[in-house]
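Take a look at the structure set out below.
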Amino acid sequence: MSIPIASSLASPLPSSIAKCSEEEEKANMAIVFDQYKDRLATLPKKKGWISENIYMYQGFWHHSGRRTSVETVMALQDTFIARPTDIYLITPPKSGTTWLKALVFALVNRNHYQNHNLSTHPLLISNPHKCVPHIESELYRTTPTYVDPHSTRLFGTHISYTSLPQSILDNKCRFVYLFRNPKDVLVSLFHYANKLRDQSRDQMTFEEAFDMFSKGITPNGPYWDHVKGYHKFSLEHPKNVLFLKYEDMMIDTMKNVKRIAKFLGCPFTEEEEVKNVVQEIVRLCSFESLSVVSKHGNLKDGIPNNVFFREGKVGDWKNHLTDEMSRVLDEITKDKFHGLNISF
Ligand code: PAP
């Protein structure tokens, strides 16, 4: 299925993002949390990474009381209506979500911005999470989003395959899934959680983080089950799911951006290739470019824009994990991914 890239998402930011005030969204969030509080009380819980607790729902752990949380998963399952033209960018947290959002936003909207002064490109003024919202955000909007039923909607989410709203599966939407070496995910999550931890709580130690991660107790984890769920889905529905690895994207970003464009039905033309459009997109979405734009300011939920940019490298785990920790995670990965043709 091809998408009309010239007109899709043809405004710098989906207009509703600007229209729904923070106060309105907060009020809507309170309604959602209140609606699901009885179900929340029945769920198994453990000590959380960022907020106090983390809750087990349908085989995966979730935050509570935050924008992306177990309550929002339940509410999405009850209310979310997908469209066949929707595109979902799915990741386990800290696997390159911000990068993927930027790349896909830039490539899908490339015709809209090609004749504009590059300095007005949304990715040069906004964090990619503002350009591509998580589906969770849809719940809180007072103004219906994407009022034009014919435009392509681009969303992100961390929701596991087993908990995806049925409407997304029924509509045979397209998914780009990105995963990353679990050791680097652990390191990235550790730093992220400590930056965002409730002020009343001590910083977590790396040993604590390792222990929870290896037991699968992470937001939207167990990490391995998240990857396995979408891997299986990608094998069953290769036309609907593009399965990508952060490390491969880092080795050859251009090749993978072309793959994504082809998968989404908007391949680069020869003329575009000659004009270096792919290189421009890769440069626009590079760690260096995006991190400068996100130096200051916050997302709507108060999360600082800069918290999504740390090292942006492959293999930083070597600076954090002991040999024994590395061995344990390798064992778990080997066991969990046995027969799946996934390696790091
Ligand atoms: P999220 O799931 O909370 O949205 P996500 O964007 O997946 O976070 O993960 C952030 C990681 O992606 C960070 O990795 P690090 O902690 O190991 O450094 C961040 O640096 C990295 N990252 C962000 N932008 C880019 C980019 N343009 N290219 C490569 N890596 C990036």
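Where a number appears in this text, it was derived from the coordinates with a stated rule and is not lab data. Just so it is clear, the structure is predicted and the values come from calculations on it, not from any experiment. Quick reminder, even Gly has a Cβ in these numbers, built from the backbone with ideal geometry, and neighbours come from all protein chains shown.
Odds and ends about this structure:
- Modelled spin labels at Val328 and Lys45, positioned 7 Å past Cα toward Cβ, are 2.6 nm from each other.
- Relative contact order of the chain, defined on C-alpha pairs under 8 angstrom at six or more residues apart (%): 24 percent
- Rounded to whole Hz, the Karplus (6.51, -1.76, 1.60) HN-Hα couplings of segment 168-184, x for glycine and proline: 5, 6, 4, 7, 6, 6, 9, 10, 10, 10, 10, 10, 8, 3, x, 5, 6
- Violating pairs (Cα-Cα greater than 31 angstrom) within the set Lys47/Lys172; Lys94/Lys334; Lys37/Lys336: Lys47/Lys172; Lys37/Lys336
- Here the calculated FRET efficiency for Asn171 and Glu311, from their Cβ-Cβ distance with R0 = 45 Å, stands at 0.75, rounded to the nearest 0.05.
- Beta-bridge orientation, segment 14-336: approximately 35 percent antiparallel, per DSSP, counting only bridges with both partners inside.
- Note that the chain, at 4 °C in a medium of 1.567 mPa s, gets a Stokes-Einstein diffusion coefficient of 63 µm²/s from its Kirkwood radius over C-alpha pairs.
- On the basis of the beta-carbon distance and an R0 of 25 Å, Arg283 and Lys195 show a calculated FRET efficiency of 0.40.
- Selected from Ser51, Ile260, His191, residue furthest toward positive end of dipole (segment 14-336; charges at beta carbon): Ile260
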